[in-house]
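The values are calculated or read from the model by the stated rules, or taken from the named source; none is laboratory data. Nothing here was measured: the structure is a model prediction, and the numbers come from that model. Here the Cβ positions follow ideal geometry from the backbone for every residue, glycine too, while neighbour counts run over all protein chains shown. Keep in mind that these areas ignore ligands, DNA and RNA; they rest on the heavy atoms of the full protein, side chains included. Shrake-Rupley method; radii C 1.70, N 1.55, O 1.52, S 1.80 Å.
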Amino acid sequence: MSDRVSFDEFDEMNYPRPDRTDFDVLVEKALSRRAFMRGAGAAAVVLGAATALPRSVRAASSVSRLAFKPVAANTLDTVTVPEGFSWRPLVRWGDPLWSYGKDFDPATRGDAASQAMAFGDNNDGMEIFHHNGRTIMAVNNEYVNRDIIYGANASKKPETADDVAKGKAGHGVSIFELTNAGDGWSVVKDSPFNRRITADTPMAITGPARGHDLMKTTADPKGESSLGTWNNCGAGRTPWGTFLACEENFNGYFSSSNPDLVQTAAQQRYGVGIKDWGYAWATADERFDISKHPNEPNRAGYVVEIDPANPQSMPKKRTALGRFKHENAEIAIAANGQVVVYLGDDERGEFIYKFVSAGRYAAGGDNGDLLDDGQLYVAKFSDGGRGQWVALTPAATGMASKAEIAINTRQAASAVGATTMDRPEWVAVNPHKAEAYCCLTNNKNRGQKPNAGGDATPVGGPNPREGNPYGQIVRWVPDGADHGADGFAWDLFAIAGNPTQHTDAFAGSSNITADNMFNSPDGLKFDTRGLLWIQTDGNYSDKDAFAGQGNNQMLVADPETGEIKRFFVGPKQCEVTGLTWSADRRTIFVGIQHPGEKGDSHFPEGGDSVPRSAIIAVWRNDGATMV
Ligand code: FEO
Ligand code: CA
Ligand code: CA
Ligand code: CA
């Protein structure tokens, strides 16, 4: 028995429970689960019972479903894929999407006009859509690498109004058509579907917050429309063919020209303050000055729904899905047809949410505004592997209206005692069975500091380690195999760690080894086969607590067996984020975000080139399907 902590030990440490019953033993025997799942206690037993026996066939098989030779961790300034696979860039920051756009100029690094015609910076969540035989990709451009995009300025900072406009145009969403005439995928310049959505694109505000006093500004006295979307991190796709761009760190763009302005409690909860994070938007666009436009930050932090097949359509900020630092938006359909959207709030000690639509999804019907009306819930995890979705209603939260809950969602969730989490990143729903997974990326404050609302962050439950530097992946199975249910069973699918540096809980769960270890899981997506892809956004120092983990990476896990294998290593100082694939499943597209964010990368062109965020295509040399 390894002296590293196992799932069993974690579970025992954190969730004392009655002795196992004969029924538990029978279920475990039937399932032939791996050691890490056997004994994972009440949660695993419930999972096993709820998930039925067909799994056991695959779980008992000795044949891995992860059919590739894993790649070793490394710190190279390139992409590493397994033997028998190849890759090449599809599109890079600054590549024009129209033939009248200017090619990327590494000397100037572009200006506002060229950036408005080009792929944005820091690509993140992405999805591919198929419309009348055309292939359309929609990609978030989360933020800009200021040292790089302003690298032609001596200060490496935005200095002029054009610099600010370039930065705003580097944000948002890029939408473009792809084609493959047999020699690989490429961007179709000048396609009628090509579109840039930036921090200045007109948006409709829809759902409960539309028209509320907190949404009204000088420019929009009705509180019904706003300009732009920014810091779009993870994404989502609806069954009716729209893209969901999720606004994450929206607060970092606001500042106050009055340095003595006292922040309101609501601004403090969301980190809206006197200084921005170096984007300088308020210097050229007054709406980002909170001393003059205090309600403007209330109009950001939402999930934005975009129709990629209709370039003239106005994006809609779906306020019913709540306002917080959204990660992705993962959709499931409840047994009765209601649309369920799982949502994480990526901040230390914030929460996991679920929206359930009032209306029901109808294939081929009018589903256009399903995300405007419904109930938002927040997750409460209990010891013993059980959990509950708590409805955020005026009665439960003490708030006056659904609109207020939609705007000050964090405060609503705190009011009902939701479980403070280790930074929820992407949620992924298994397409083959009723279960969902969420990356809890890391949390140095766990057990040490409350969240920004003063809620305690005790060690335990799905957040079992103090000062958590590595992260973990929590999994839940809704009661009755129905994502619409209020109750769920949960366990931890993987606890990241470093078994070469630790012998305690920080070594990780028993499915983490010296050969597959990683830190800070973030992107998470199931493929069509039910395999789970894990992308990381963590410490790439390759030293000390992170020794042997190398650059950020992408791994594949088999949820049936717990097996995890490293598929891919990114270049230096990047994050690997965003995954989608072609309809024939023979090419996957992977996002490389901020290579060289601290100055040490020349990805993807090498030499002494300017590093550029990029989407890369990966395929098998034998042309077989991959996902
Ligand atoms: Fe943009 Fe939480 O990652
Ligand atoms: Ca992320
Ligand atoms: Ca992250
Ligand atoms: Ca990032």
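The Cα center of segment 322-371 and the Cα center of segment 69-91 differ in position by 34 Å.
Accessible surface computed residue by residue for the chain, with neighbouring protein chains in place and a 1.4 Å probe, gives 35 Å² per residue. Taking the accessible area of the chain, probe 1.4 Å, and keeping the other protein chains in place, the carbon and sulfur fraction comes to 51%. Based on Cα contacts under 8 Å between residues 6+ apart, the chain shows a relative contact order of 15 percent. Centre-to-centre separation between the Cα atoms of segment 414-490 and those of segment 128-198: 33 Å. Over the chain, dividing the summed -39,500 (n - 2.57) contributions of all DSSP H runs of at least 4 residues by the number of residues returns a 222 nm mean residue ellipticity of -3000 deg cm²/dmol. Taking all protein chains together, 404, 248 sort by accessible area into 404, 248, largest first [probe 1.4 Å].
Only Lys, Arg, Asp and Glu carry charge here, each on its Cβ (+1 for the first two, -1 for the last two); on that basis segment 366-523 has a dipole of about 560 debye about its Cα centre. Here the gap between residue 102 and residue 366, fully extended at 0.36 nm per residue and compared with their Cα-Cα distance, gives a gain of 91.0 nm.
With θ taken as phi - 60° and the Karplus curve 6.51 cos²θ - 1.76 cosθ + 1.60 applied, the whole-hertz 3J(HN,Hα) list for segment 395-403 is 5, 6, 9, x, 8, 6, 7, 4, 4 Hz, x standing for glycine and proline.
In order along segment 536-543, the phi-based Karplus estimate (6.51 cos²θ - 1.76 cosθ + 1.60, θ = phi - 60°) of 3J(HN,Hα) comes to 10, 9, x, 6, 10, 5, 6, 10 Hz; Gly and Pro are listed as x. Accessible surface ranking for 625, 238, 1.4 angstrom probe, highest first: 625, 238.
Estimated at the nearest 10 Å², the accessible area of residue 585 is 80 Å² with a 1.4 Å probe. Take residue 274: with every protein chain present and a 1.4 Å probe, its accessible area is about 50 Å².
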